[in-house]
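Peer 1: Provided herewith is a single structure, encoded as structure tokens, for subsequent inquiry.
The values are calculated or read from the model by the stated rules, or taken from the named source; none is laboratory data. Treat the numbers as computed from the prediction; the structure is a model and nothing was measured. Here the Cβ positions follow ideal geometry from the backbone for every residue, glycine too, while neighbour counts run over all protein chains shown. Please note that ligands, DNA and RNA were not included when accessible areas were found on the heavy atoms of the full protein model with its side chains. Shrake-Rupley method; radii C 1.70, N 1.55, O 1.52, S 1.80 Å.
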Amino acid sequence: MDYMLQWRVLPLLTLLASFLFLFYVQNSSKSSYKECSLLPYQHYWITSKRIVTPQGVISGSVEIKEGKILSIVKEEDWQGKSKVGHIVDYEEAVVMPGLIDVHVHLDDPGRAEWEGFPSGTKAAAAGGITTLVDMPLNSFPSTVSQETLKLKIKAAKERIYVDVGFWGGLVPENAFNASALEALLNAGVLGLKSFMCPSGINDFPMTNASHIKEGLSVLAKYRRPLLVHAEIQQDSEIHLEAKDGSDDAHSYSTYLKTRPPSWEEAAIRELVAVTKEIRSGGLAEGSHLHIVHLSDSSSSLELIKEAKNGGDSITVETCPHYLAFSAEEIRDGDTRLKCAPPIRDAANKEKLWEALLEGHIDMLSSDHSPTVPELKLLDDGNFLRAWGGISSLQFVLPVTWSYGRKYGVTLEQLALWWSERPAKLAGQELKGAIATGNLADIVIWEPDVEFDLNDDYPVYFKHPSISAYMGTKLSGRVLATFVRGNLVYKEGKHAPAACGVPILAR
Ligand SMILES: NC(=O)N[C@H]1NC(=O)NC1=O
Ligand SMILES: [Zn+2]
Ligand SMILES: [Zn+2]
């Protein structure tokens, strides 16, 4: 090519390449929009004989348009109504608000080999969870500042299949630094979380009552909750070091003795004293305390009931593993069931169910706290050294249903414990119920379909072998999960693109 010709052709080629590039960018963003959902409609109806609404279970249809619930029509009012849009008929399957799990450790960034945003949120979607709130610890660094929250958001971006909010950490380092806490809250955490005993994670130290009081008073201005892991180590108990390495370390009863109910009781007593102080100081407006994963259904629960009756703004959650298992049945060396506070005896479990059914326990959460199999020490079975935490994220709906049936649990109760009340705690007023104007976060499931959690079962969270539920039979199969109107999961298949969004409080 001669020199002059090159001069004319090159700019033309560059122009052509630019056009092609722009065309590609435009179209790839268009196709990724469609990849968010396995259903190619923006306006459609979900029909079923069993739709769980705050007004009860109805037979009818839910109209969804551009991610929101546009209307809910009962079957008897359906005739004569003009039906614009596609109809998906789920017949007898249950249509319920998507679950909101307010207590999940996704460990991303920093310990993504334990769990991760893609794996954790795929598991959530397959289990009917449409929103989860990520805990500030077990990832690295811990989410204790504006900067570390940014790292979380960056790690979550375009990698989450359901919506994800974040709790920030209240730790000694930031507790007396109101401007640091405000920066973290302004950056969008939905509230703060702290520990009253060692957390098991070095960069997440425990707090005392004065840290907690400071945290609660800053949070009150934002009307966001403080979540607390309520256990305080008591002196009188057997020393871990003395027992470690002995045969006893393989027996569950040894571990159980190391964390008696008095640990929970001491923590809750102290927390209630703090809320009383805040009230007497006239600072209670907007302040809210949430106790995570209650296991002790005796004295600790009584203290919570008293405080609630006295007008304190307190809520409490428990987890499916405390409702499904009891200490008596945990085999020696089965560290899959090690968690803190520990799973207690069968009588304690019965009382937990009673408290839940009577409304003294407000909600449920998974406390999905995974690790790698090596740290669960499954081969060795040393309860004192193994990682404490139960992997369960994908299974919480069928577990609550399967174990709750014998107590007469209703679909409305499931929606209350897993959607409505968690939505309120997380400040998500457009989520948590199938109601006109809300976001279309919905799970479709078949309560009577049983399945075995065997090795062939598709589990999406990492390391299913450490989950205490593997090897059990459950009832309640999730058919489909919709997040803001996107069908993100359908019968073993996820939408191609991860279109969940980070939820930031403002
Ligand atoms: N660090 C951490 O996730 N700890 C959790 N595990 C557990 O069993 N209880 C917890 O608080
Ligand atoms: Zn905890
Ligand atoms: Zn936890």
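Yes or no, residue by residue, for (1) away from ligand 1 (no atom under 16 Å from the Cβ); (2) hydroxyl-bearing (Ser, Thr, Tyr); (3) assigned to a helix (DSSP H, G or I):
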position	(1), (2), (3)
PRO341	no, no, no
LEU356	yes, no, yes
HIS360	yes, no, no
SER402	yes, yes, yes
LEU414	yes, no, yes
TRP418	yes, no, yes
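Peer 1: While we're here: Only residues that are open to solvent by less than 20 Å² (accessible area, probe 1.4 Å) and assigned to a helix (DSSP H, G or I): list them for segment 299-321, please.
Peer 2: First, the residues of segment 299-321 that are open to solvent by less than 20 Å² (accessible area, probe 1.4 Å): 300-301, 304, 307, 312, 314, 316-321.
Those that are open to solvent by less than 20 Å² (accessible area, probe 1.4 Å) and assigned to a helix (DSSP H, G or I): SER300, LEU301, ILE304, ALA307, PRO320, HIS321.
Peer 1: Residue by residue through segment 487-498, note down the ones that are open to solvent by less than 30 Å² (accessible area, probe 1.4 Å) and either without any contact (Cβ under 8 Å) to a residue 60 or more places away in the chain or of a type outside the set (Phe, Trp, Tyr) (or both). Even if it seems obvious, please write down each step before you answer.
Peer 2: First, the residues of segment 487-498 that are open to solvent by less than 30 Å² (accessible area, probe 1.4 Å): 487-489, 494-495, 497-498.
LEU487, VAL488, HIS494, ALA495, ALA497, ALA498 - these are the residues of segment 487-498 that are open to solvent by less than 30 Å² (accessible area, probe 1.4 Å) and either without any contact (Cβ under 8 Å) to a residue 60 or more places away in the chain or of a type outside the set (Phe, Trp, Tyr) (or both).
Peer 1: Considering every residue within segment 382-392, establish whether at least one is part of a helix (DSSP H, G or I), away from ligand 2 (no atom under 16 Å from the Cβ) and farther than 27 Å from LEU289 by Cα.
Peer 2: no
Peer 1: Report, by residue number, each residue of segment 276-298 that is of a type outside the set (Gly, Ala, Ser) and open to solvent by less than 10 Å² (accessible area, probe 1.4 Å).
Peer 2: ILE278, LEU289, HIS290, ILE291, VAL292, HIS293, LEU294, ASP296 - these are the residues of segment 276-298 that are of a type outside the set (Gly, Ala, Ser) and open to solvent by less than 10 Å² (accessible area, probe 1.4 Å).
Peer 1: Residue by residue through segment 63-109, note down the ones that are outside any loop (DSSP other than H, G, I, E, B), farther than 17 Å from ILE503 by Cα, at pLDDT 95 or above and among the hydrophobic types (A, V, I, L, M, F, W, C).
Peer 2: ILE64, ILE69, LEU70, ILE72, VAL73, ILE87, VAL88, VAL94, VAL95, MET96
Peer 1: Considering only segment 325-335, I want to know if a residue exists there that is within 16 Å of ligand 2 (Cβ to nearest atom) and either surrounded by 22 or more Cβ atoms within 10 Å (Cβ to Cβ) or in contact (Cβ under 8 Å) with a residue 40 or more places away in the chain (or both). Walk me through how you get there before you give the answer.
Peer 2: If we filter segment 325-335 for residues that are within 16 Å of ligand 2 (Cβ to nearest atom), which is where we start, we get none.
So far as segment 325-335 goes, no, none of its residues is within 16 Å of ligand 2 (Cβ to nearest atom) and either surrounded by 22 or more Cβ atoms within 10 Å (Cβ to Cβ) or in contact (Cβ under 8 Å) with a residue 40 or more places away in the chain (or both).
Peer 1: Residues in segment 362-381 that are of a type outside the set (Lys, Arg), more than 16 Å from ligand 2 (Cβ to nearest atom) and open to solvent by less than 10 Å² (accessible area, probe 1.4 Å): how many?
Peer 2: Looking only at that region, the number is 1.
Peer 1: Go through segment 357-375 and report how many residues are more than 16 Å from ligand 3 (Cβ to nearest atom), out of contact with any helix residue (DSSP H, G or I) (no Cβ under 7 Å at 6 or more places or on another chain) and in contact (Cβ under 8 Å) with a residue 24 or more places away in the chain. Spell out how you get there, then give the answer.
Peer 2: Initial filter on segment 357-375 (more than 16 Å from ligand 3 (Cβ to nearest atom)): 357-362, 372-374.
Among the residues that remain, those that are also out of contact with any helix residue (DSSP H, G or I) (no Cβ under 7 Å at 6 or more places or on another chain) are: 358-359, 372, 374.
Now narrow it down to the ones that are in contact (Cβ under 8 Å) with a residue 24 or more places away in the chain: 372.
Going through segment 357-375 one residue at a time, the tally reaches 1.
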